[in-house]
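Notes follow once the structure below has been shown.
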Amino acid sequence: MNRILEKEFISDQVFRMRVEAPAIAAKRKAGQFIILRTSEDGERIPLTIADASAEEGWLELVVQVVGKTTKEMSMLEEGGSILDLAGPLGRPTHIEKVGTVVIVGGGVGIAPAHPIAQAMKNAGNSVISILGGRSRGLVIMEEQMKAASDRVMITTDDGSYGQKGLVTDAIQKLIDEGLKIDLVVAVGPPIMMKFVCLLTKKYEITTLVSLNTIMVDGTGMCGACRVTVDNKTKFVCVDGPEFDGHCVDFDEMMKRQRMYEVQEKESMDRFQS
Amino acid sequence: MEEKKLTPKERLQIPTQEMGEQDPKERIHNLKEVPFGYTPEQAKLEATRCLQCKTAPCVAGCPVEIDIPTFLNQICEGDFKGAAKTIKITNILPAICGRVCPQEEQCQLGCIVGKSLKTVDKAVQIGKLERFIADWEMEQGAADTPEIKAATGKRVAIVGSGPAGLTVAADVRREGHEVTVFEALHKPGGVLIYGIPEFRLPKAIVMTEVENLENMGVEMKYNMVIGNIHSLDELFEQGYDAIFVATGAGLPMFMRIEGENLNGVYSANEYLTRANLMKAYSFPETDTPIARSKNVAVFGGGNVAMDSARTALRLGAENVYLVYRRSRIEMPARVEEVHHADEEGVQFLLLQNPVRLIGDEDGWVKQMECIKMELGEPDDSGRRRPMPIKDSEFRVDIDTCIVAIGNSSNPLIPDSTPDLETNRWGNIIADDQTMKTSKKGVFAGGDIVLGAATVILAMGQGRLAAAAINEYLKNGEW
């Protein structure tokens with residue numbers, strides 16, 4: 001079960017893993033995620049599905065090494081397997097033809113943005129993808145995104161690749177070009193999504209964001225993933241992971257993401273020593 | 001045997017047998033079970049207190065109608081094996097029920113011995129005897145696998161492996177049907193594993209019960225979130241003839257007060273799941289973290305609130321406050337649980353209600369503000385309604401808060417099954433005798449039907465459902 005078919009590092013800290021999971025691959029839709037566990041005493045972490053093939057029965061996950069669990073996962077090799085894998089979880093992205101859709105992927109968030117771009121394109125939308133990263137190595141999946149988009153723009157904070165600047169600069173550029181944008185979908189670090197939403201709100205462009213919060217069960221039972229949307233508490237696992245970005249309290253979300261900062265560091269230090 | 005010749009009067013003179021317990025000061029530093037259980041001598045003596053009355057109010061009080069007088073008599077005779085057999089005719093999980101059932105409100109409530117001695121505390125200790133027999137059987141090694149009837153070729157899917165699901169699995173399998181249990185988490189047992197703490201229900205017991213089911217030929221499938229990975233209709237397409245939905249309690253409820261999304265604020269479900277299922281008590285040897293708390297507030301007065309408070313103590317908290325808006329006698333928790341929590345040093349803030357949580361600059365909870373309450377006239381539930389006392393607000397420093405005020409229903413199955421009727425709270429509507437739902441071939445039971453209830457009530461619904469499923473598979477009538 002859950003055999004690892006392929007694994008490779010696509011940048012310093014980011015790896016791609018293809019896992020055999022025919023039932024999930026057959027069922028998953030763009031925007032959905034899985035929860036996995038790699039060892040008997042391991043924690044459950046949510047990861048958005050980056051790609052899948054129903055015919056061949058696999059899922060692809062793109063993961064950035066940020067803590068012990070992702071580090072441990074990065075050490076698994078082809079032929080090995082993922083101990084526990086549950087999904088698909090969350091509500092799928094609402095896909096319809098709206099006209100011009102701008103997909104914004106930041107860093108490892110480009111991975112979950114990929115199936116959304118694919119689905120939006122298949123629905124007949126004109127898709128412009130903006131890929132952003134701190135530096136060249138963090139701009140991933142460029143070829144796949146090109147295949148799923150009519151146009152791809154790249155920004156890096158340090159200017160080592162594409163346009164120097166932030167993804168918001170690229171959105172602003174499109175607006176300045178006079179392009180009528182019907183929908184923005186942003187997936188990436190909360191701070192990026194927050195600033196994308198501040199910009200698009202100014203221009204009244206509907207914006208969806210996909211949130212990747214801390215979770216335990218992922219099925220609505222624990223409430224670890226709660227966020228405030230439109231002044232109401234929502235559970236990312238069953239109400240999301242996508243929400244109207246203009247209604248999300250990103251500041252609260254960013255604080256909640258740091259809930260276990262101290263323990264996470266301790267766990268990682270212990271693992272590495 | 002000598003005991004048999006005792007007169008009822010003599011039986012009534014035998015003192016109630018108490019189980020030994022770990023000292024409260026010791027036990028808050030470990031996760032081991034609190035009571036030790038009866039010795040065989042104690043068990044025989046306690047069983048001898050039973051008058052073997054003809055009316056047997058104990059049986060009527062038991063949701064699964066265990067033949068209590070018979071198994072008590074078998075204990076008197078030293079026939080522990082026979083007693084185990086008697087219990088297991090109607091209850092496949094005695095080691096669990098003996099520990100977590102509210103016997104004082106069920107089998108022991110109507111007991112003539114208790115009535116004669118004018119207190120339910122002195123009723124025959126049926127629950128403790130049930131536990132004794134189940135533990136004795138486990139100590140003997142593998143339990144006997146019940147007889148399985150000839151294969152019928154029919155297949156039953158059970159969604160959820162908590163107490164309701166496990167009960168149905170056993171009763172349906174015994175009739176010769178093939179049974180698959182789909183569990184969303186990576187371990188079986190539902191609330192028995194993720195919710196009820198080790199010190200109240202050792203996990204090894206639950207795992208043994210599940211192994212017994214597997215030995216009977218029940219297939220367990222983990223990491224299967226039904227509703228998402230397969231809809232109920234897809235399960236029928238895959239060849240299942242009937243489905244039992246027992247997905248349990250759903251989304252945790254919060255107080256809807258200011259500050260509830262601050263860091264350090266948990267639902268009891270999350271706190272207990274981290275501690276129990278994910279073994280956060282062993283962090284960093286295990287990977288799942290949990291708050292390292294000094295001052296913890298628990299909101300609520302039920303068993304889950306007690307479990308949360310007592311878990312927080314064991315995780316090293318210095319002060320654990322349990323905030324409840326009514327008084328101690330109105331608490332829905334079992335008396336034994338309240339007593340244990342009290343002994344262990346949980347501080348009860350009764351007739352007080354949290355009104356808001358106050359955070360620091362980094363978004364961590366640092367204080368709770370409560371208001372004092374007084375009891376007014378009885379409300380719909382028959383309990384006196386708590387009313388806030390004006391201008392009585394006060395603050396307490398806390399760094400962790402656990403909200404244990406219940407659950408609303410889980411939406412995953414109803415959302416993916418449009419023809420499954422639910423009530424206005426989202427609970428699945430099922431007939432109270434057959435557990436049949438509005439959808440042909442689909443039965444439901446446990447907390448997804450009841451709202452938040454107890455292990456034994458879920459099992460009681462499981463027994464009803466299993467009987468109805470077996471009947472349905474025989475004659476096909478809906």
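Every condition in (1) within 10 Å of another protein chain (Cβ to nearest Cβ); (2) aromatic (Phe, Trp, Tyr); (3) touching a residue at least 24 places away in the same chain (Cβ under 8 Å) holds for residue A:235 except the one numbered (3). Taking segment A:7-83 as the region of interest, the strands (runs of 3 or more DSSP E) fully inside it that hold 3 or more residues being closer than 25 Å to residue A:271 by Cβ are A:14-20, A:33-37, A:45-48, A:58-64.
Is it fair to say residue A:88 is within 27 Å of residue A:226 (Cβ to Cβ), more than 12 Å from chain B (Cβ to nearest Cβ) and part of a strand (DSSP E or B)? Taking the combined requirement at face value, the residue does not satisfy it.
If you check residue A:195 against the conditions, is it touching a strand residue (DSSP E or B) at 6+ places or on another chain (Cβ under 9 Å), touching a residue at least 24 places away in the same chain (Cβ under 8 Å) and outside any loop (DSSP other than H, G, I, E, B)? It is false that residue A:195 is touching a strand residue (DSSP E or B) at 6+ places or on another chain (Cβ under 9 Å), touching a residue at least 24 places away in the same chain (Cβ under 8 Å) and outside any loop (DSSP other than H, G, I, E, B). Residue selection: residue B:124 fails the criterion of being over 21 Å from residue B:204 (Cβ atoms), at pLDDT 95 or above and not in a loop (DSSP other than H, G, I, E, B).
Of everything in segment A:256-268, what is open to solvent by 70 Å² or more (accessible area, probe 1.4 Å) and either facing chain B (nearest Cβ under 9 Å) or closer than 26 Å to residue A:88 by Cβ (or both)? Give them in sequence order. Matches in segment A:256-268: A:258, A:262, A:264.
Here's the yes/no breakdown for (1) modelled with pLDDT under 95; (2) part of a helix (DSSP H, G or I):
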residue	(1), (2)
B:271	no, yes
B:284	yes, no
B:288	no, no
B:297	no, no
B:304	no, yes
B:313	no, yes
B:332	yes, no
B:336	yes, yes
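Among the residues of segment B:254-274, those that are in contact with a helix residue (DSSP H, G or I) (Cβ under 9 Å, 6 or more places away or on another chain), more than 7 Å from chain A (Cβ to nearest Cβ) and not aromatic (Phe, Trp, Tyr) comprise B:262, B:268, B:272. Take the conditions (1) buried (at least 24 other Cβ atoms within 10 Å of the Cβ); (2) out of contact with any Ser or Thr (no Cβ under 6 Å at 6 or more places or on another chain); (3) within 18 Å of residue B:260 (Cβ to Cβ); residue A:230 misses just one of them, which is (1). Checked against (1) open to solvent by 20 Å² or more (accessible area, probe 1.4 Å); (2) away from chain B (no Cβ under 11 Å), residue A:68 passes all but condition (2).
With respect to residue B:416, determine if the residue is under 30 Å from residue B:351 (Cβ atoms) and of a type in the set (Ser, Thr, Tyr). Criteria not met by residue B:416. Scanning segment B:385-441 for residues that are over 24 Å from the mean Cα position of the chain (by Cα), surrounded by 14 or more Cβ atoms within 10 Å (Cβ to Cβ) and in contact (Cβ under 8 Å) with a residue 40 or more places away in the chain turns up B:386, B:396, B:398, B:399, B:400, B:415, B:416, B:417, B:420, B:439, B:441. Using the structure shown, decide if residue A:78 is within 11 Å of another protein chain (Cβ to nearest Cβ) and more than 17 Å from the chain's Cα centre (by Cα). No, not satisfied. Residues that are among the β-branched types (Val, Ile, Thr) and closer than 21 Å to residue B:325 by Cβ were ranked within segment B:285-301; the one that is surrounded by the fewest Cβ atoms within 10 Å (Cβ to Cβ) is B:296. Take segment B:64-88 and flag every residue that is open to solvent by 50 Å² or more (accessible area, probe 1.4 Å), in contact (Cβ under 8 Å) with a residue 24 or more places away in the chain and outside any helix (DSSP H, G or I). Residues satisfying the conditions are B:65, B:77. One residue stands out among those in segment B:275-284 that are facing chain A (nearest Cβ under 7 Å) and either under 15 Å from residue A:214 (Cβ atoms) or out of contact with any helix residue (DSSP H, G or I) (no Cβ under 8 Å at 6 or more places or on another chain) (or both): the one that is least open to solvent (accessible area, probe 1.4 Å), which is B:278.
Okay, residues lined up against (1) among the aliphatic types (A, V, I, L, M); (2) closer than 11 Å to residue A:104 by Cβ; (3) within 14 Å of chain B (Cβ to nearest Cβ); (4) touching a strand residue (DSSP E or B) at 6+ places or on another chain (Cβ under 8 Å):
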| site | (1), (2), (3), (4) |
| --- | --- |
| A:148 | yes, no, no, yes |
| A:151 | no, no, no, yes |
| A:170 | yes, yes, no, yes |
| A:199 | yes, yes, no, no |
| A:210 | no, yes, no, yes |
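Hey, can you tell me all the residues within segment B:235-251 that are surrounded by fewer than 24 Cβ atoms within 10 Å (Cβ to Cβ) and at the interface with another protein chain (Cβ under 9 Å from one of its Cβ atoms)? Once the filter is applied, which keeps residues that are surrounded by fewer than 24 Cβ atoms within 10 Å (Cβ to Cβ) and at the interface with another protein chain (Cβ under 9 Å from one of its Cβ atoms), segment B:235-251 yields only B:251.
When the criteria are applied in full, residue A:205 meets the requirement of being more than 14 Å from every other protein chain (Cβ to nearest Cβ), of a type in the set (Val, Ile, Thr) and more than 20 Å from the chain's Cα centre (by Cα).
Hey, any hits in segment B:101-118 for a residue that's at pLDDT below 90 and either in the same structural domain as residue B:229 (by TED's automatic domain parsing) or open to solvent by less than 20 Å² (accessible area, probe 1.4 Å) (or both)? Within segment B:101-118 (the criterion being at pLDDT below 90 and either in the same structural domain as residue B:229 (by TED's automatic domain parsing) or open to solvent by less than 20 Å² (accessible area, probe 1.4 Å) (or both)), the answer is yes, since at least one residue qualifies. Among the conditions (1) touching a helix residue (DSSP H, G or I) at 6+ places or on another chain (Cβ under 9 Å); (2) at pLDDT 95 or above, residue A:138 misses just one, which is (2).
From B:304, B:365, B:346, grab the single residue that is out of contact with any Phe, Trp or Tyr (no Cβ under 6 Å at 6 or more places or on another chain) and either open to solvent by 10 Å² or more (accessible area, probe 1.4 Å) or of a type in the set (Ser, Thr, Tyr) (or both). So that I can check it myself, show each step before the final result.
Numbers: B:365 fails: either open to solvent by 10 Å² or more (accessible area, probe 1.4 Å) or of a type in the set (Ser, Thr, Tyr) (or both); B:346 fails: either open to solvent by 10 Å² or more (accessible area, probe 1.4 Å) or of a type in the set (Ser, Thr, Tyr) (or both).
Exactly one residue qualifies, and that residue is B:304.
All of B:398, B:389, B:448 fail the test of being in contact with a strand residue (DSSP E or B) (Cβ under 6 Å, 6 or more places away or on another chain) and within 14 Å of chain A (Cβ to nearest Cβ), apart from B:448. Does at least one position in segment B:309-321 carry a residue that is open to solvent by less than 20 Å² (accessible area, probe 1.4 Å), within 14 Å of another protein chain (Cβ to nearest Cβ) and touching a strand residue (DSSP E or B) at 6+ places or on another chain (Cβ under 7 Å)? No, segment B:309-321 has no match at all. Residues in segment B:36-50 that are among the aliphatic types (A, V, I, L, M) and surrounded by fewer than 19 Cβ atoms within 10 Å (Cβ to Cβ): B:45 only. Residue B:185 meets all of the listed conditions (1) closer than 20 Å to residue B:249 by Cβ; (2) assigned to a loop (DSSP other than H, G, I, E, B); (3) away from chain A (no Cβ under 12 Å) but one, namely (3). Residue selection: residue B:208 fails the criterion of being buried (at least 21 other Cβ atoms within 10 Å of the Cβ) and of a type in the set (S, T, N, Q).
The values are calculated or read from the model by the stated rules, or taken from the named source; none is laboratory data. Note that the coordinates shown come from a computational prediction; the quantities given were computed from them, not determined experimentally. Glycine also receives a Cβ, built like all others from the backbone with ideal geometry; neighbour counts cover every protein chain displayed. Heads up: the accessible areas ignore ligands, DNA and RNA and are worked out on the full protein's heavy atoms, side chains in. Shrake-Rupley method; radii C 1.70, N 1.55, O 1.52, S 1.80 Å.
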